[in-house]
1. Can you tell me which residue in region 37-58 is farthest from the chain's Cα centre (by Cα), limited to those that are surrounded by 12 or more Cβ atoms within 10 Å (Cβ to Cβ), part of a helix (DSSP H, G or I) and touching a residue at least 24 places away in the same chain (Cβ under 8 Å)?
2. Go through region 98-114 and give me each residue that's under 12 Å from S36 (Cα atoms) and in a strand (DSSP E or B).
Amino acid sequence: MVGGHPARARPWAATIQRAQLAQTSRRTFRLSKRLSASLLSALYSFWVSQNAGLTPFAFYNPFDVASGQQIGSNYDPTGNNTQGRVTVVFRGNWAQATDVARTNLQGLELVEVA
């Protein structure tokens, strides 16, 4: 009895886990470009196709290039090039603010998963 009432079993138990979740740090990428309506629509369609962050995909970090190479030269639509390729998921909710002819996404970022 607790406080004169029969004790009830809790449907859940709260525990604190303080273990390290990953062996290495996870990189994050945040979109900082204002998007036109067509680019925003394409990104939204891709975000939906990735189940709003549940499905991982390959992202090419344009600044992670081999020495002497041009920024962005590592992109490979076939996926064979591993230089700068990062497996990521979307994190955050879709929130947008639209100005004249351009839209900013707020709080949506990519997080490395592997």
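Only the coordinates and a few stated rules stand behind these numbers; no lab work does. These figures come from a predicted structure and were not determined experimentally. Ideal geometry is used to build each Cβ from the backbone, glycine not excepted, and the neighbour counts take in all protein chains shown.
1. Per the stated criteria, the residue is L40.
2. Taking region 98-114 and keeping what is under 12 Å from S36 (Cα atoms), we get 98-105.
Within region 98-114, T98, T103, N104, L105 qualify.
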